[in-house]
Structure formats: structure tokens, C-alpha cells
1. Exactly which GluC sites (Glu not before Pro) in region A:1-100 are in a DSSP loop and have at most 12 other Cβ atoms within 10 Å?
2. Between copies, how far does the label point of residue A:227 sit from its twins, in nm, shortest first, when each point is 7 Å from Cα along Cα→Cβ?
3. Report Rg(Cα)/(2.2 N^0.38 Å) for region A:87-212, keeping two decimals.
4. In cubic angstrom, how much convex hull volume per residue do the alpha carbon atoms of the protein assembly as shown span?
5. To the nearest Å, what is the center-to-center distance of region A:62-114 and region B:121-197, using C-alpha atoms only?
6. Based on other C-beta atoms within 10 Å, arrange A:280, B:149 from fewest to most.
7. Given 20 °C and 1.002 mPa s, compute D for chain B with the Stokes-Einstein relation, Rh being the Kirkwood radius over Cα pairs; round to the nearest whole µm²/s.
8. Round to the nearest 10 and give me the degree value, 0 to 90, for the angle of helix A:176-187's Cα axis relative to the longest principal axis of chain A.
2 protein chains.
Amino acid sequence: MSNAIHVIGHQQPDTDTVCSAIAYARLKQAQETDAVPARAGALNPETKFVLDRWDVEAPALLEDATDDRLILVDHNEYSQTVPGAREAEIIEVVDHHRIGDVETSAPIFFRNEPVGSTATILTGLYDDADVEIDSQTAGLLLSGLLSDTVVLRSPTTTEADRTAAERLADSAGVEYEAYGKELLQQKSKLGEKAPREMVLGDFKEFEFGPHHVGIGQIETVEPDAVLTQREAVLDAMDAIVDEREYAVLLLLVTDLLEEESTALVAGDRTETVEAGLDVTFDGQEAFLPGVMSRKKQVVPPLEGAFEE
Amino acid sequence: MSNAIHVIGHQQPDTDTVCSAIAYARLKQAQETDAVPARAGALNPETKFVLDRWDVEAPALLEDATDDRLILVDHNEYSQTVPGAREAEIIEVVDHHRIGDVETSAPIFFRNEPVGSTATILTGLYDDADVEIDSQTAGLLLSGLLSDTVVLRSPTTTEADRTAAERLADSAGVEYEAYGKELLQQKSKLGEKAPREMVLGDFKEFEFGPHHVGIGQIETVEPDAVLTQREAVLDAMDAIVDEREYAVLLLLVTDLLEEESTALVAGDRTETVEAGLDVTFDGQEAFLPGVMSRKKQVVPPLEGAFEE
């Protein structure tokens, strides 16, 4: 690829990660910086729908970032980024997750805020730079925001997200509740997916001390489409644990309408997960009332439990 | 100490670190957050002068932060922070250095910008929060800014620093060049300091891969006050290398008027420093024309050389 700076989101890209990469590259271009958006994996059906809806070309796939200059959006952990990133120069980070293991030699712009989406932070960065958000870019940012916050219903949602959503919807010329419903329907299109694809569709890896842990999440309005295939999904999870040597693999099947999750678990460290989440697994399954956010409600207690 | 959040800067505190802790705690208080400033070590003469000048009480010394809630200002590396910080909850970071090794379980507010001082970023945070900067707080922020940028002469200085300095000087009711000169004179008061105190007065530790490296800096308008005691200073450096098992200890004696540094070196890895800085040491001494910033001109090439 070119010598331009690559603005890139996490692996297993979701709508917030892809739309944030595009929107931030556009802001950089408006500021005369040679930046292009990129992606670290295949697009999911929701993101494809969004790019079609706003008539935007998909960012190019970046397979190896060695020796590149990178701006990371929507993540700041090496285990979640594009291959070769440890040998790249990371020149900026814009994110809304926990602080991970990215280190730099020189001072850089690093903005992390505990809000519902990276798109929300980018809306603020456009304002800081006094650059107008055109209607297409507003549509992309709104999509990232509504996807990550489950149309402002996730417990990660803040006042800043609500304010940004209203304003972006206005610029994009859509009504955000109605548009959000369209997005949720895309998110739920599990349809003919194989169990393995379901598990790995929205998947993140973490290093909790010496332990390698994988946490997948399926956000859906039809949890039964997954749970009726419970045994096949658990078989797929067991196979992934063996291949990747996870201490544990947790899959959250999140019911977007009921605002609750069913967790499936595989690997040897089920007890640590039970201690962390304060639940008991019955046949590798547990019910997590009120749990919608992997980042805020699952990762911190699990990390704590694994480090004890 | 109390259950309040502690806003704290790095060890071997300097004026930017102390003034930033005070100013950010004040902003938090204005936003109804129970925060108090703290410091991780003894005040240097320049900072004492500043607190006297603006009639502000020194922050309390925090000796152990275990189980505290911390806001880190002006640093984001465990090796530079208050003891116990690994067992504390880090809830925010505001800094202008390289990205270090601080990790968190949950998403936090983390703002790092490549500008000349943490005080510059805080000036922006007051604006973001729409909180007015009173004249005393402006005096503190101006002091941090002018101290860290050597009155806007350091190569780390940006346009944002210049704009903030003018505005803070206006609010504080001083002329910044004249006030900056007063500060520089304080910085240079090496006077009766013992060689060991000179080396450790403004001192930072780094982990470059497996190597433990210490880098001290003496910013002065009278470099000869240090260099005429060269042998005693080198003896003190050798002793510190032995005690702390450094691979290398580098001391920058920075001439603020000529905008250049003389480097003294101790430890076994002189060759790595020579490779990194592209210089040759003659009897443990090398001349570094144009070098004023440890952070920007010394740490990145040294880290690169140690990791090769």
C-alpha cells in the first residue's frame, strides 16, 4: 500500500471501528495530512449494510502493517490490532476501551474517553478542529455510535453519546430511532451462519496476566437462533480453545431487547469465570441479567479474577 | 489520607508536575468531584519559589497509593509514579510524554498530547469544561508551561503552548518573558548541592526491553557549576549505577542559553548510548549540540538502540 498513514480499527471489525477509521481519515485529509482508512479483517453484514446505505467504499484490507505509520481507532491493544503493528510506528490513538499495552517511544496524541462509541469522540474532534461534518460522514458516525450503544440502550451510553446522536442524525437527515432499528435487524442476521462463525464474528482476545482469554459476543434480537444450536456452538468453542490454547473462551449471547445475556463457556478455567462474574455455570451455560457490555461489565471483573 | 481522589504527578516532581496536580484538582473540585492534589517526592527550589510567588500551599506528600484512586498528571509509567500505584485504581491520565505501561481494567479518560507541558493540556480542559481559570491558577499553569518549555525555547514547544502562555500570562497579570527569566534563575540555583543531589534532582527511570536505564537532566544557565565538579559527579553516578543495577546512567547537563547539552555517562552499556545518540564519549563525556529535550531528543533514540 502507499506511504500514507493508515487509520485502522480492530480485528473482527464492527461498524464503529470501520466508520471511525473512515471518518477520522477524512478529518486528517481535511487537515492536509496524507491518511487513508484501512481495515484489519472482513466486514460483517451490518457494516456492509451501512456502507451501502451511505454509498461509501469499503476501506482496503491491511494484512501486514510492518514499517507503516498507524493511527489506531477503537482499540489500543496489540492482541486486537493488525499483524505487524509492533513493528509499525503508532502515531495516534482514539479509543473508548480500557487502556491496553500499546507503548510508544515519542509523545503522541492519545485520546481515550469512557463514552459509548469511538464515533462520539470523533464528533468532538471534528469540532475541536473546526471542520464541518458532511451528511455522509455524519451518517457513518451515527451508524458507529448507534451500533456500539445498541441505539443508546447499552449501559456504556453517556450524555455525550445522546447529544452526538441527535446532532449527527440531524446532519445525516435520518430519525435515529428508526434508523437504529434497521441497524439492529442487520446485526441479528445470524441466518445461515455456521457455529464457528457465530463464535468468532465479534471476538476479542485478552492477556490477563499469563492467561490467554477469548471473549465473543453475539448481539441479537433472536437469541434462540443461537441457543437452539447450543451443542454445536459448544463443540466449536472447544475446538477453538484447543487450537488457540485459551485458558477460557466465553461467548456472550446478548438479547438486545430484553437487555440480558446468556453466557457459554469452554476451557479449563470455568471456576475463575464464575468467581469473576459471580455466577454458577450449569452445563457450560449461565444467565447474566442486565449484562450487555463486554467491555464494561465482563472484561474488568474477569481480569480481576484472573489476576488474583 | 482521605478517600478523595489523589491527583498526582511523577517522582522527583518538577514545576509542571506539581502545578498541574494542583490545577487539575481544582478543576475537578469545580466539577463537584472530591479530588485533592498530592506529590510523589520533595519539592525542588524552583517549585518552592512558584508556590511562594502565587501564595499556594504545597500538595501533601503521598508515600503509598495502595488502594487509592489516582489521577496521574504529567506521567504514565509505573516506574515514574508513586509507590503502590500498581495496587491503586487509575481513573484518569493527562500527560504529554510517550505512552508508557499503565493499563486499566475499565475504560478511562486518558488524554496525552505532544505539546510542551501538561499545563497546556489542562488549559484546554478548563475550556472544554467551561470553567474560568482564576488568576492564581493561571499563575500556576503558566509556571508549569514556562518551566517545561524553558520559556518557549525547548524544541518540544508548539503553537498551542505559545497561545496558552500568552493567555495565562494575561490572566495571571504578568509579562511572561520577564517572569520566565525569574523561573530560569531559580532552576539554575545549583549552589551548594552535593553531586548526588545534582544527578538525582530531575531524574527518570526507564525499562528499555530488559534494560534498566536512568536519565538525569540538569537544566541550567551555568553548566560550568556542574562540569567543574566532573569527577565527583561521575563518582556519584558510578555509585548509583551499582546500587540500582542500571545498564546505563546518562546525565544531561543542559545549557538553557546556548540550547545544547553535555552528556555524562556511567554503566556498562556506553556503546549502546553512542549508537543511539550517534556520538562518541571521550572519558565518559560527550557534547550534544541542539539537544534540550530528554523526552523528545534522547529517550526515543536510546529506546531504539537498546531494543536492537
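1. Working: sites: A:32, A:46, A:57, A:63, A:77, A:87, A:89, A:92; in loops: A:32, A:57, A:63, A:77.
Qualifying residues, ordered by number: A:32, A:57, A:63.
2. Taking the point 7 Å beyond Cα along Cα→Cβ, the inter-copy spacings are 7.6 nm.
3. Working: Rg = 17.0 Å, N = 126, 2.2 N^0.38 = 13.8 Å.
Relative to the 2.2 N^0.38 Å estimate, region A:87-212 comes out at 1.23.
4. Values: hull volume 96.5 nm³, N = 616.
Expressed per residue, the convex hull around the Cα atoms of the protein assembly as shown is 157 Å³.
5. What the calculation gives is 31 Å, centre to centre.
6. Working: A:280 10, B:149 26.
Going from sparsest to densest Cβ surroundings: A:280, B:149.
7. Working: Rh = 19.7 Å.
So the translational diffusion coefficient is about 109 µm²/s.
8. 50
A short reminder: the numbers here are calculations on the coordinates, not readings from a lab. All of these numbers come straight from a predicted model, not from anything done at the bench. FYI the Cβ positions are ideal-geometry reconstructions off the backbone, even for glycines, and counts take in every protein chain you see.
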